[in-house]
Amino acid sequence: MKLYLDTCCYNRPFDDQSQDRIHLESEAVLSIVKRGRIGKDSITGSDVLNLEIGTISNIEKKDKVSILYEIARRHVTFDDDIEKRAAEIMNVSSIRSFDALHIASAEVGEVDYMLTTDDKLEKAAAKLELKVKVTNPLKYIAEVIEHE
C-alpha cells in the first residue's frame, strides 16, 4: 500500500505513553514504519510535512521525529494544485490549514491511505469525497493483519 502519515503520526511514538490509546497508536506507527523499511508499504512524504515538522519547538522531539520521517521514500512537492485543493477542502468542511494541505498532498501523491491520530480529522474527512482514505494507524494495521 501507498501511505501518507501526517505529522501527528510521526509524533505519536514520542508522546507520553502512559495512556493505552497513545501507546497502541505508537506501536501501530512503529509497525507501519517497519513495513515501510521492508517494502510491504510505500511511505510518501511532502513539503507540507517538512514544514510542519520544522515547527516542532522541542528540539529533541523534532530530531527524533525527523529520524522517523526518513522512512518516506516518495516525496510530494508543494504546488498550486495542492494549495487549490486544500482551499476546496477547507471551504466544504471543518478541516483547516495543515490538515487540508496534508490531504491534498496525499491525493497528489496518489496514496491509498492517509494516516492520522486526529479523530476529528478522520471524522471530517469521512464526510468528504476524497481520493484517499483517511484513517487511524491502528485501524490500518488491523485491516492489514486481517488480509495477510
- Task: Look at segment 36-69 and say how many of its residues are within 19 Å of Asp15 (Cα to Cα) and part of a strand (DSSP E or B).
- Result: 0
- Among the residues of segment 90-138, which ones are within 13 Å of the chain's Cα centre (by Cα), over 21 Å from Ile53 (Cβ atoms) and among the charged types (D, E, K, R)? Asp112, Asp119, Lys133
- Task: Select from segment 89-129 the residues that are touching a residue at least 40 places away in the same chain (Cβ under 8 Å) and part of a loop (DSSP other than H, G, I, E, B) and write down the one among them that is nearest to Asp6 (Cα to Cα).
- Result: Thr116
- Task: Of the numbered conditions (1) farther than 20 Å from Leu130 by Cβ; (2) of a type in the set (D, E, K, R); (3) touching a strand residue (DSSP E or B) at 6+ places or on another chain (Cβ under 9 Å), Lys61 fails exactly one; give the number of that condition.
- Result: (3)
- Query: In segment 70-88, which residue that is part of a loop (DSSP other than H, G, I, E, B) and acidic (Asp, Glu) is nearest to Ile32 (Cα to Cα)?
  - Reply: Glu70
- Among the residues of segment 75-88, is there at least one that is closer than 18 Å to Thr117 by Cα, in contact (Cβ under 8 Å) with a residue 12 or more places away in the chain and hydrophobic (A, V, I, L, M, F, W, C)? no
- Query: Restricting attention to segment 91-121, which residues are β-branched (Val, Ile, Thr), farther than 14 Å from Ile43 by Cα and surrounded by 15 or more Cβ atoms within 10 Å (Cβ to Cβ)?
  - Reply: Ile95, Ile103, Thr117
- Query: Scanning for something surrounded by 13 or more Cβ atoms within 10 Å (Cβ to Cβ), free of Cβ contacts under 8 Å to residues at least 40 places away in the same chain and not hydroxyl-bearing (Ser, Thr, Tyr), does segment 52-61 turn up at least one residue?
  - Reply: no
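Of the residues Leu3, Leu24, which single one is touching a residue at least 60 places away in the same chain (Cβ under 8 Å), within 23 Å of Tyr140 (Cβ to Cβ), of a type in the set (A, V, I, L, M, F, W, C) and not in a helix (DSSP H, G or I)?
Numbers: Leu24 fails: not in a helix (DSSP H, G or I).
Answer to the selection: Leu3.
Each reported figure results from applying straightforward, stated rules to the coordinates on display, with no laboratory input. In this text, all values refer to a predicted model and were calculated from it rather than measured experimentally. Ideal geometry is used to build each Cβ from the backbone, glycine not excepted, and the neighbour counts take in all protein chains shown.
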